[in-house]
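Taken together, the values in this text are just the output of simple stated rules run on the coordinates, not laboratory data. Everything numeric here is computed off the predicted structure, so don't read it as measured data. For neighbour counting, all protein chains shown are included, and Cβ atoms are generated from backbone atoms with ideal geometry for every residue, glycine included.
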Amino acid sequence: MSLQGLFAKISGDEIAHLTRELVRFDTTNPPGNERRAVEFVAESLKPFGFECLFLEHETQRATLLARLQGSGERGALVFNGHIDVVPVGVESWQHPPFEGVIDGGKVWGRGAADMKGGVAAMMAAAKAVAQADLALKGDLILTVTAGEEVDMLGARALAALPEARHWQAVIISEPTSNRLGLAERGVFWPEITTYGKTAHGSTPELGVNAVMMMVKLLAEFEKLDIPFQPHPVLGEFTRSVNTIHGGVKVNVVPDRCSVMVDMRTLPGQDHAELMRLLEAFLARLAGEIPGFRATIRLTYELPPAETPQEAEAVQKFLFAAKAHCGVDLPIVKVPFATEAGVFVPTLGLSTLILGPGDPALAHQPDEFVGIAEMEEAARLYIAAAVEMLAA
Ligand SMILES: [Zn+2]
């Protein structure tokens with residue numbers, strides 16, 4: 001079947017204007033304020049037969065689930081994107097961050113690449129499918145989430161829906177320059193604190209210095225072996241001690257020192273096991289260093305996520321891209337954590353990450369997304385929907 005008729009229903013102009021409208025909602029998270037933006041998406045889709053359900057978070061915050069009903073013979077295909085953005089920062093922007101200026105074949109603004117452009121491309125694709133009178137064997141669902149940039153509250157609410165277990169696949173339109181991501185590293189952020197005993201700075205022998213205990217801990221931490229299998233696409237497990245706080249005053253022996261460590265885990269690394277390894281490490285130091293006492297607390301985590309290339313949904317997507325769009329999709333590393341870290345570990349869902357925009361522009365000043373790239377993404381989403389729901 002040729003999809004030219006379907007592809008003709010989308011235009012770069014329409015997607016650019018949708019992106020501009022979405023950029024104009026300031027959804028900086030925190031606090032998010034995503035509700036008006038997801039209501040806008042719902043109002044755009046309702047005339048095309050989508051039933052819209054809001055998952056309520058707070059007064060100004062909600063996640064949208066918009067459904068185009070299929071016959072139910074197959075699980076739903078979910079187009080997913082988040083609508084919140086990270087703060088603008090202090091650098092000045094060439095184009096104002098919340099105006100959605102269209103210039104030079106691009107839409108400019110905070111969230112253009114990460115990932116309002118991707119949401120706009122999915123909206124256009126969903127509308128085109130709805131207008132095509134295809135006999136859908138499963139629902140086409142568009143989910144637009146709140147909270148991705150902080151705690152993934154929208155994705156967690158979606159994953160808790162009983163129906164989510166029966167979804168066929170999720171496509172996330174995070175920026176990958178329209179290449180396909182199937183795996184991402186996990187996030188593991190422990191805070192480690194050493195304890196001591198205060199004393200006057202002039203009589204350190206009467207105290208226990210928590211900062212010096214941390215110095216000893218960090219020297220051993222550098223040598224600590226944390227096992228992992230290098231991943232063919234994701235590469236290595238990494239760890240980096242990125243903050244340190246200790247002491248109150250130059251003439252007081254500190255009784256407390258804390259570090260935060262950013263660890264990025266690989267598929268196959270179990271977070272509970274990693275925590276046990278770190279606890280055993282602290283216990284060993286307590287046995288070796290007189291007066292040593294330390295605790296560890298996990299401040300945030302998201303498990304690593306991987307969808308195998310052999311998965312049916314992946315194979316169908318690769319086939320559809322080739323057959324209908326003439327594209328051989330390269331499989332690439334996703335450099336950041338996405339909502340796949342919620343959908344894959346909790347539901348075992350095949351989750352594919354592909355969207356317009358350069359991933360290097362995410363969270364940067366002068367963010368933009370290319371209009372032609374958004375159009376190409378929309379065609380790929382249409383091809384995926386036809387292959388997975390109507391073929
Ligand atoms: Zn994002």
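Pop out the ³J(HN,Hα) list for region 59-65 in order, Karplus 6.51 cos²θ - 1.76 cosθ + 1.60 with θ = phi - 60°, rounded to Hz; leave Gly and Pro as x.
Going residue by residue, I get 3, 9, 10, 7, 10, 9, 10 Hz, with x marking Gly and Pro.
I need to check one value: relative contact order of region 186-302, counting alpha carbon pairs closer than 8 Å and at least 6 residues apart, in percent.
Details: 215 pairs, mean separation 50.4, N = 117.
Once normalised by length, the contact order is 43 percent.
Pick from Ser44, Ser11, Ser240 the residue whose mean-square fluctuation is largest in a GNM of the chain, springs joining Cα atoms under 10 Å.
Ser240
Take Glu312, project a point 7 Å from its Cα along the Cβ direction, then tell me which residues of region 165-199 have their backbone nitrogen under 18 Å from it.
What the label zone holds, given the 18 Å backbone N cut-off, is 165-171.
From the convex hull of the Cα coordinates of the chain, what is the mean projected area in square nanometres? All intermediate terms of the calculation are to be shown ahead of the outcome.
Numbers: hull surface 85.1 nm².
Its Cα hull, projected and averaged over all orientations, spans 21.3 nm².
What nm distance separates the two modelled labels at Val90 and Lys197, each placed 7 Å from Cα along Cα→Cβ?
4.2
Projected onto the charge dipole of the chain (+1 at Lys/Arg Cβ, -1 at Asp/Glu Cβ, origin at the Cα centre), which of Val248, Ser173, His231 gives the Cα projection farthest towards the positive end?
Result: Val248.
Where is the GNM fluctuation largest for the chain (alpha-carbon springs, 10 angstrom cutoff): Val344, Val170, Val119?
Val344
Taking just the alpha-carbon atoms of region 209-253, what radius of gyration and Dmax come out, in angstrom?
Both quantities, over Cα of region 209-253: 15.8, 52 Å.
Output wanted: per-residue J couplings in Hz (rounded whole) for region 11-25, from phi through Karplus 6.51 cos²θ - 1.76 cosθ + 1.60, θ = phi - 60°, x for Gly and Pro.
Result, rounded to whole Hz: 9, x, 4, 4, 5, 4, 5, 4, 4, 4, 4, 5, 5, 6, 7.
Pairs of alpha-carbon atoms within less than 8 angstrom and 6+ residues apart define the contacts here; what relative contact order does region 49-200 have, in percent? Could the numbers behind the result be given before it?
Values: 223 pairs, mean separation 51.8, N = 152.
So the answer I get is 34 percent.
Run the simple label-point estimate for Ala283 and Ala160 please: 7 Å along Cα→C-beta, distance reported in nm.
Simple spin-label model gives 3.4 nm for this pair.
Rank Gly100, Gly12, Gly287 by mean-square fluctuation in a GNM of the chain with C-alpha springs under 10 angstrom and give only the top-ranked residue.
Gly287
Please list log₁₀ I(q)/I(0) at q = 0.22 Å⁻¹ for region 154-244, using the Debye equation with identical point scatterers on the alpha-carbon positions.
Debye output, listed in q order: -1.20.
At q = 0.24, 0.26 Å⁻¹, what log₁₀ I(q)/I(0) does a Debye calculation on the Cα points of region 230-310 give, no solvent, two decimals?
The calculated log intensity ratios at q = 0.24, 0.26 Å⁻¹ are -1.29, -1.37.
Please list the radius of gyration and Dmax for region 223-370, considering alpha-carbon atoms only, with Å as the unit.
Final numbers for Rg and Dmax: 21.1, 72 Å.
Hey, got the dipole for the chain? About the Cα centre, +1 on K and R Cβ, -1 on D and E Cβ, debye to the nearest 20?
Values: 33 positive and 49 negative charges, 102 e Å.
Using only the charged Cβ atoms, the result is roughly 480 debye.
Summing -39500 (n - 2.57) over the DSSP H runs of n ≥ 4 in the chain and dividing by its residue number, what mean residue ellipticity at 222 nm do you reach, to the nearest 500 deg cm²/dmol? Mind dumping the intermediate values first?
Details: 10 runs with 118 residues, N = 391.
So the calculated ellipticity at 222 nm is -9500 deg cm²/dmol.
Mind pulling up the Rg/Rh value for region 274-318? Radius of gyration and Kirkwood radius, both on Cα. Let's see the in-between values first.
Numbers: Rg = 20.0 Å, Rh = 14.2 Å.
Rg divided by Rh gives 1.41.
How many percent of the alpha carbon pairs in region 100-139 exceed a separation of 17 Å?
Details: 362 of 780 pairs.
Distances greater than 17 Å cover 46 percent of the Cα pairs.
Mind listing the long-range amide H neighbours of Glu34? Cut-off is under 5 Å, sequence gap 5 or more, other chains count too, H placed in the peptide plane at 1.01 Å from N.
Residues meeting the criterion, in which the H sits 1.01 Å from N, are Ala62.
With θ taken as phi - 60° and the coefficients 6.51, -1.76 and 1.60, list the Karplus ³J(HN,Hα) couplings across region 244-260 in order, rounded to whole Hz; mark glycine and proline as x.
Residue by residue, region 244-260 yields 8, 9, x, x, 10, 6, 5, 9, 10, 5, x, 10, 7, 8, 10, 10, 10 Hz.
Counting alpha carbon pairs within less than 8 Å and at least 6 residues apart, what relative contact order, in whole percent, applies to the chain? Working shown, then result.
Details: 899 pairs, mean separation 99.0, N = 391.
Relative contact order for the chain comes out at 25 percent.
Work out the length of the dipole vector of region 186-302 about its Cα centre, built from +1 on the beta-carbon of each Lys and Arg and -1 on the beta-carbon of each Asp and Glu, and round it to the nearest 20 debye. Before the final figure, lay out the partial values.
Working: 11 positive and 13 negative charges, 74 e Å.
So the dipole magnitude of region 186-302 works out to roughly 360 debye.
Rounded to two decimals, what is the ratio between the C-alpha radius of gyration of region 3-159 and 2.2 N^0.38 Å?
On the way: Rg = 15.7 Å, N = 157, 2.2 N^0.38 = 15.0 Å.
Against the compact-globule rule of thumb, the ratio is 1.05.
Run the paramagnetic zone check for Leu298: 7 angstrom along Cα to Cβ, then residues of region 179-194 with backbone nitrogen under 15 Å.
186-192
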